[in-house]
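Notes follow once the structure below has been shown.
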Amino acid sequence: MKKNNIVEIVILGVLGALVVITLLIPQLLRDRENGSLLSVSVLFRDTDSSNWIITRQGMEQAADELGAELRFLNLTVQNDSREQEELLRRESEGGADALVAVPVDPESLYMALTRLSTSCPMVTLECAMEGGAGAVAPDNRAVGQELARALLEDWSGGQVVLLDNSAACPEVESRLEAAQEVLSQAGISCVRLAALPEAWADKKWVMTFEPGATRQAADQKEDGYSFALYGVGSSTAITTSLEQGSIAAVAAWSDYAAGYLAVEQAVRAVRQRPQDLEPLTFSIVRGEDIYAPENQKLLFPVTS
Amino acid sequence: MNFFRSLAAQWGERYRKMSIQMVLSLSFTTVAAAGILLMGISLIWRFSAANEQLVAENSQRMLAQANRNLDSYLRRMMRIADTVYYRVIKNTDLAEGSYTDAMGLLYEENRDDLVSLAVFDSEGNLVSAVPLASLKAKADPAGSEWFLAARKNMENLHFSSPHVQNIFDDPDSPYRWVVSLSHHVELTREGVTEGGVLLVDMSFSGIEQVCRDVTLAKGGYLYLIDGSGELIYHPRQQLIYAGLLEENNKVAAGYRDGSHAEKFQGQSRQVTVKTVGYTGWKLVGVAPADSWLASSSQLFLFGLALLLFSIFLMAFLNFLISARISDPIRRLERSVKELERGLEIEVAEGGCYEVQQLGHAIRSMVSTMHHLMDDIIQQEGQKRRSELEVLQSQINPHFLYNTLDSVIWMTESGQQREAVRMVTSLARFFRISLSKGKNMIPLVDELEHARHYMNIQQIRYKNKFTTRIETQEGVEDLYTLKLVVQPILENAIYHGMAGAEDDGEISVIAFREEDDLVIDVADNGMGMPPEVADSLLDEDRPEVHTAGSGTGVRNVHQRIRLTFGERYGLTIRSEPDEGTLVRIRLPALTREGAARCHQGEVL
Amino acid sequence: MRPKTKSCFSQLHLNVLAAILAMLLLSACGGSGSQSDSLRIGVVLYAQDDTFISSMSQNLEQLVQEEESRIGQKITLFISDSRHNQTTQMDQVDRFLARGCDILCVNIVDRTAAAVIVDKAEAEGVPLIFFNRQPVDEDIRRWNQTYYVGASAQESGALEGQLVVDAWTSDQEHWDRSGDGVLQYVMLEGEPGHQDSLLRTEYTIQTITDGGIEVERLARDTANWNRAQAAARISHWLEEFGAQIEVVLCNNDDMALGAIDALSETDRPQEDWPLIVGIDATAPALEAVAAGQLYGTVFNDSRGQAQAMLDLALALYNGEDPAETVALEDGHYIWLPYRSITREDLTRLPEQ
């Protein structure tokens, strides 16, 4: 008698529990879908994000698809590492689930990250950061090497100026060193300068390793300097200069892809295990090739 | 294998041992659950089949709709081209006027869909363009794909693949992706016609709008490719261009119109293709095959919940019903069990009609049984009593015959006094024997009876032996079954004394041993071997009707045990040439006890 | 009796179970919502490639960041670009409303479509702030939680006209190249239908004529706020009218810069250029002012407008009466002042 009742109650209980579970699962799923839009904060290192418009579009696309909300944060002073760390602290305290950063100084940013009371995965753009949840960047050494090889093809004698603004952009260092190695091996003398010099005796070749510097150099060239410029970047301004011949060749990769991958990685770091990221593929684009179909797709975002 | 067999056997055993309620409820529930599940599965199957078809139909319908819209959009573009050509270019001599105003009007009218309108001469020089713009220094219209295509097929309108518009100078406006519509035109300059090319750059937004408004099944989307499979529109075009995503567009270019199933990147999906007229473009609708389950997983789960809930309800009802059926049966079973144990109990009646009837039947059966049992008990008692009576009566004729024989003999030999004594004793003997039909008599009477008997026998055996009858203190008031001592004495005389010398002695001693009354009858006669003594009381011993075969002794033994139980009766100790001691053990009954016992016996 | 009570007990159990299940079945049909403590502002821009709009969105971002650290209120800004497409904009508005934005700021593409957006916002109860592109008054008044933040187009037109009047009266010999005392001008207008292009055109001319100057319009056309179109237009007119053009009136700075582009391509020396005025005071325009190419522009205070929008949004979010924190006109409008800027004023403009 007693046993029968227990069996019955167990069976009914199990059935009831199954009903409840099947009813609750959609509820839980819905809660997860709606309730938890991940909040991802994006820390730039510029005072405005006009250099990062395409990157932002990629990020927004990823956020849209993966259920995240983005907060874009700029610095009040360009490349202010302290301010970036302060922003990092504020965002993590403000409840950011993940961070995407273009680090001013990866090491000190990492130190700031470790000082946080809460753990917050951080994906970096442009350069790798130790302890980060991943870096979305091309292989910086390969960028330097390929760009130097592009220069080698055109080289007709003279010294090469390597514009070194690595103080502002940490990824420049490895690109520059790689380029320097390639050039030295080819027996070309090169000089590192922080800014373009006033005197232009025999310096007909200039290499820049960062979009901002590339654009600046291109502008200077338009102002009357004459030199062949090899740079980095894919913004509209740079492609315009490339088309007009102010820039001989650029190493370009898709900012859109970078933004997308960064947010995707950040979301993945929160929701699942972060995957190891492949370095972004980049290509060397010369001025005359910019309208090749593949380069069109790379350089020009589809905005209707 | 063995394990399974033993498991099956175990379950079979368990099933056989299961209660009726369990069997009912479990089998009902199992059948109901199986039925509901089967129904659910067949419903799901039917539904998904129907849904798949619905998705295909829906895709085709939406695609047809998109196709119509795209067609009308393209037609509008072609009409713009035609209008520019036939209304503007053909009617205007370049030497006298320009196309700009009329083209500007058309451009303003279709500003949302157009990026630019331009006319080039056969060398690729810009003749006119709206919005007003100049050519880039490095622009090479004559080398462009659209220019060459227009020159090649003069009679046709040509739609290019998407490309970045690269010929107009625009200092701040970004590079825009366009689809170029080009057409060979005849320009008139000072009355002379020459070849030229009309370029209509369509913005993506027009095409995007046509395609984006199409809503396919959840998770599905639509993309547009040209004849060679080059993407024109894709909802995630930028991702594809950035190399983060791939689309099966090259393969889709080879599909014929209609629905196809394909597997792309490990995902099976349904692809519907529709070719757009004139351009050779293809609209491709993609619906993931798992979209139904994935998109309506909520619905599916809800259905599952309903299914489970109905099983739950069925089980619930089954348990109630089976409990209702089996509870009365179980109560009945318990009543019967208790009856078995001999308890007097009211048999439960209740439940369904059949069970009620069953209960009723059992109840009447039980009462019949009770009646029968009472009858049997009564009959048994009667039988016993009559048996006893027979046993008692067995004593008398033999003895009476001998005694009367002796009296006759004494009278004849003139021993008047002895004869009188003998007859007196006989009279006393019989009076006590009768005792008004009572079975239980005072011990005193019983011993008196024995004494009279011995008197008679002493006379008969000419005082060959002496008799001693003693009673201890405290036994005088006790009662005993009547006629228990006399057969022992008879036995002692026949077996112990008959062949003995003159100095035979028989003693009867009554004493109390705790709650028992013990009467020892001892003689110093021949005695017997212990085996014989033991067999004397054996009920199963074949009846041997010889004189003094001990029938009397055994009768006494049986009577005592029948009356008082197994504890009581006779014990015989004997040694050859030593004598015999017969001990009669009886309960020590007072007057009341004797009366009760008498009553009980009658019952 | 014991078994009876036992089975009653189990039935009670079953009933309770069934009741719980039924309740769950019913409750499963209901939904649940989520709330966060941050102020969420959705901003829909008509086109990010418009210089003024993009500077405004950047100002807004910057101000939000500053405001966040100042008052400690977390503010999340969602900005989307409608890319000149009203249909896209409607989708974006829907998405922001669905996402649970607390405040919606709309830089409407087609100002005649405002009623639909107002209705959507009202249905969701989300306060609506239009900016830069002004819907008609009837649409703004459709719902009392609708606001407009912008600068008065009339004022900008009047200021632009005043710039011309000042220049003309101060140095008539220089500017009146034909010497006929009549101001010959060409007019580059913004997008057709935009209230700014209509009103700026209207009030610029009106102010000039009110200033007692006789004018003659040589040509007018729309260049859609666009620099390249303006350049093409002007070079066309330069061919047509040559030195006849004494003043180039532009509805905004981008078009003024286009005019400068066109003039730079000619071999005309800069001192022979016509008087060019624009509106908005964008960064490149101010450079042009500094270089003397552009005579003057009217400062359209994008930062001020952004600040006003943010203040209004915060007041609405905190449930305060917006009239107390911002200067509300007619209960719906916040007008920010324009300022005219010439080369002399440049040193005094702190923001740029």
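Give just the number: which of (1) surrounded by fewer than 18 Cβ atoms within 10 Å (Cβ to Cβ); (2) without any contact (Cβ under 8 Å) to a residue 40 or more places away in the chain; (3) within 14 Å of chain A (Cβ to nearest Cβ) does B:ALA50 not satisfy?
All conditions are met except number (3).
Across segment C:319-339, what is the number of residues that are among the hydroxyl-bearing types (Ser, Thr, Tyr) and part of a strand (DSSP E or B)?
Residues of segment C:319-339 that are among the hydroxyl-bearing types (Ser, Thr, Tyr), as a first pass: C:325, C:333, C:338.
With part of a strand (DSSP E or B) added as a condition, the list becomes C:333.
Looking only at that region, the number is 1.
Does B:LEU105 count as within 18 Å of C:ALA228 (Cβ to Cβ), surrounded by fewer than 21 Cβ atoms within 10 Å (Cβ to Cβ) and either free of Cβ contacts under 8 Å to residues at least 60 places away in the same chain or among the small types (Gly, Ala, Ser) (or both)? Walk me through how you get there before you give the answer.
Details: within 18 Å of C:ALA228 (Cβ to Cβ): no; surrounded by fewer than 21 Cβ atoms within 10 Å (Cβ to Cβ): yes; either free of Cβ contacts under 8 Å to residues at least 60 places away in the same chain or among the small types (Gly, Ala, Ser) (or both): yes.
When the stated conditions are applied, B:LEU105 does not pass them.
What are the residues in segment B:119-134 that are more than 15 Å from C:ARG233 (Cα to Cα) and either within 13 Å of chain C (Cβ to nearest Cβ) or not aliphatic (A, V, I, L, M) (or both), if any? Before the answer, list the steps.
Our first condition is that a residue be more than 15 Å from C:ARG233 (Cα to Cα); within segment B:119-134, this holds for B:119-127.
Answer for segment B:119-134, where residues must be more than 15 Å from C:ARG233 (Cα to Cα) and either within 13 Å of chain C (Cβ to nearest Cβ) or not aliphatic (A, V, I, L, M) (or both): B:PHE120, B:ASP121, B:SER122, B:GLU123, B:GLY124, B:ASN125, B:LEU126.
Say we look at segment A:1-12 and pick out the residues that are within 7 Å of another protein chain (Cβ to nearest Cβ) and modelled with pLDDT of 80 or more; which of these is surrounded by the fewest Cβ atoms within 10 Å (Cβ to Cβ)?
Per the criteria, the residue is A:ILE9.
Can you tell me which residues in segment B:449-486 are surrounded by fewer than 21 Cβ atoms within 10 Å (Cβ to Cβ) and at positive phi?
Passing the criteria: B:LYS462, B:ASN463, B:GLY474.
Is segment B:209-228 home to any residue that is touching a Cys at 6+ places or on another chain (Cβ under 7 Å), facing chain A (nearest Cβ under 10 Å) and buried (at least 19 other Cβ atoms within 10 Å of the Cβ)?
Narrowing segment B:209-228 to residues touching a Cys at 6+ places or on another chain (Cβ under 7 Å): B:222, B:224.
Still in the running and facing chain A (nearest Cβ under 10 Å): none.
Taking every residue of segment B:209-228 in turn, none turns out to be touching a Cys at 6+ places or on another chain (Cβ under 7 Å), facing chain A (nearest Cβ under 10 Å) and buried (at least 19 other Cβ atoms within 10 Å of the Cβ).
Can you tell me which residues in segment B:135-152 are within 12 Å of chain C (Cβ to nearest Cβ) and surrounded by fewer than 17 Cβ atoms within 10 Å (Cβ to Cβ)? Lay out the reasoning, then the answer.
The first filter runs over segment B:135-152 and keeps only residues within 12 Å of chain C (Cβ to nearest Cβ), leaving B:135-137.
Hits for segment B:135-152 are B:LYS136, B:ALA137.
If I ask for residues that are touching a strand residue (DSSP E or B) at 6+ places or on another chain (Cβ under 8 Å) and assigned to a loop (DSSP other than H, G, I, E, B), which ones from segment C:230-269 would you list?
Those that are touching a strand residue (DSSP E or B) at 6+ places or on another chain (Cβ under 8 Å) and assigned to a loop (DSSP other than H, G, I, E, B): C:ILE245, C:GLU246, C:ASN251, C:ASN252.
Look at A:VAL182 and say whether it is within 18 Å of A:ALA252 (Cβ to Cβ), of a type in the set (A, V, I, L, M) and in a helix (DSSP H, G or I). It would help to see each step written out before you state the result.
Numbers: within 18 Å of A:ALA252 (Cβ to Cβ): no; of a type in the set (A, V, I, L, M): yes; in a helix (DSSP H, G or I): yes.
For A:VAL182, the condition - within 18 Å of A:ALA252 (Cβ to Cβ), of a type in the set (A, V, I, L, M) and in a helix (DSSP H, G or I) - is not met.
Is segment A:139-147 home to any residue that is under 24 Å from A:ASP80 (Cβ atoms) and either assigned to a loop (DSSP other than H, G, I, E, B) or under 13 Å from the mean Cα position of the chain (by Cα) (or both)? Explain how you work it out, then say what you get.
Kept after step one, since they are under 24 Å from A:ASP80 (Cβ atoms), are these residues of segment A:139-147: A:140.
Among the residues that remain, those that are also either assigned to a loop (DSSP other than H, G, I, E, B) or under 13 Å from the mean Cα position of the chain (by Cα) (or both) are: A:140.
Yes, that holds for at least one residue.
Run down B:LEU63, B:LEU74 and say which single residue is at negative phi, modelled with pLDDT under 85 and part of a helix (DSSP H, G or I). Steps first, answer last, please.
Details: B:LEU74 fails: modelled with pLDDT under 85.
Unique residue meeting the criteria: B:LEU63.
Need at least 1 residues that are touching a residue at least 24 places away in the same chain (Cβ under 8 Å), under 22 Å from A:ALA62 (Cα atoms) and under 59 Å from the mean Cα position of the chain (by Cα) per element, so show me which strands (runs of 3 or more DSSP E) inside segment B:201-277 make the cut, counting only ones lying wholly within it. Explain how you work it out, then say what you get.
Values: elements: B:221-225, B:231-233, B:258-264, B:267-275.
Hits in segment B:201-277: B:221-225.
Which ones in segment C:29-56 are within 12 Å of chain A (Cβ to nearest Cβ), assigned to a loop (DSSP other than H, G, I, E, B) and modelled with pLDDT under 80?
Of everything in segment C:29-56, those that are within 12 Å of chain A (Cβ to nearest Cβ), assigned to a loop (DSSP other than H, G, I, E, B) and modelled with pLDDT under 80 turn out to be C:CYS29, C:GLY30, C:GLY31, C:SER32, C:GLY33, C:SER34, C:GLN35, C:SER36, C:ASP37, C:ASP49.
Within segment B:429-463, can you find the residues that are within 24 Å of B:ALA522 (Cβ to Cβ), of a type outside the set (A, V, I, L, M) and at pLDDT 80 or above? Walk me through it before giving the result.
The initial filter retains those residues of segment B:429-463 that are within 24 Å of B:ALA522 (Cβ to Cβ), namely B:429, B:432-433, B:441-463.
Applying the additional criterion that residues be of a type outside the set (A, V, I, L, M) yields B:429, B:433, B:442, B:445-446, B:448-449, B:451-453, B:455, B:457-458, B:460-463.
Across segment B:429-463, the qualifying residues are B:PHE429, B:PRO442, B:ASP445, B:GLU446, B:GLU448, B:HIS449, B:ARG451, B:HIS452, B:TYR453, B:ASN455, B:GLN457, B:GLN458.
Which of the numbered conditions does C:ASP272 fail, given that it passes all the others? Conditions: (1) more than 12 Å from chain B (Cβ to nearest Cβ); (2) under 22 Å from C:SER340 (Cβ atoms).
Every condition holds for C:ASP272 apart from (2).
Show me the strands (runs of 3 or more DSSP E) entirely contained within segment C:124-209 in which 2 or more residues are more than 29 Å from C:ARG95 (Cα to Cα).
On the way: elements: C:128-131, C:146-151, C:182-189.
Fully inside segment C:124-209 and qualifying: C:182-189.
Could you check segment C:91-101 and list, in sequence order, the residues that are in contact (Cβ under 8 Å) with a residue 24 or more places away in the chain and either within 8 Å of another protein chain (Cβ to nearest Cβ) or surrounded by fewer than 18 Cβ atoms within 10 Å (Cβ to Cβ) (or both)?
Here is the first cut: in segment C:91-101, the ones in contact (Cβ under 8 Å) with a residue 24 or more places away in the chain are C:92-94, C:96-97, C:99-101.
Answer for segment C:91-101, where residues must be in contact (Cβ under 8 Å) with a residue 24 or more places away in the chain and either within 8 Å of another protein chain (Cβ to nearest Cβ) or surrounded by fewer than 18 Cβ atoms within 10 Å (Cβ to Cβ) (or both): C:ASP94, C:ARG99, C:GLY100.
If you check B:GLY499 against the conditions, is it surrounded by fewer than 21 Cβ atoms within 10 Å (Cβ to Cβ), in the same structural domain as B:LEU589 (by TED's automatic domain parsing) and at pLDDT below 85?
Judged against the criteria, B:GLY499 is a match.
Note down all Cβ pairs under 7 Å where the first residue falls in segment A:40-57 and is within 10 Å of another protein chain (Cβ to nearest Cβ) and under 17 Å from A:ALA96 (Cβ atoms), the second is buried (at least 19 other Cβ atoms within 10 Å of the Cβ) and among the acidic types (Asp, Glu), and they're at least six residues apart or on different chains.
Sorted first by the residue in segment A:40-57, then by its partner, the pairs are A:SER41/A:GLU91.
Is it the case, given these coordinates, that A:ARG90 is of a type in the set (D, E, K, R), outside any loop (DSSP other than H, G, I, E, B) and under 19 Å from the mean Cα position of the chain (by Cα)?
Details: of a type in the set (D, E, K, R): yes; outside any loop (DSSP other than H, G, I, E, B): yes; under 19 Å from the mean Cα position of the chain (by Cα): no.
Taking the combined requirement at face value, the residue does not satisfy it.
For segment A:247-283, which positions are at pLDDT below 85 and in contact with a helix residue (DSSP H, G or I) (Cβ under 7 Å, 6 or more places away or on another chain)? Reasoning before the result, please.
Narrowing segment A:247-283 to residues at pLDDT below 85: A:271-278.
Correct list: A:PRO274, A:GLN275, A:LEU277.
The values are calculated or read from the model by the stated rules, or taken from the named source; none is laboratory data. All values reported here derive from a predicted model rather than from experimental measurement. Counting neighbours? That spans all protein chains shown, and the Cβs are built from the backbone with ideal geometry, glycine included.
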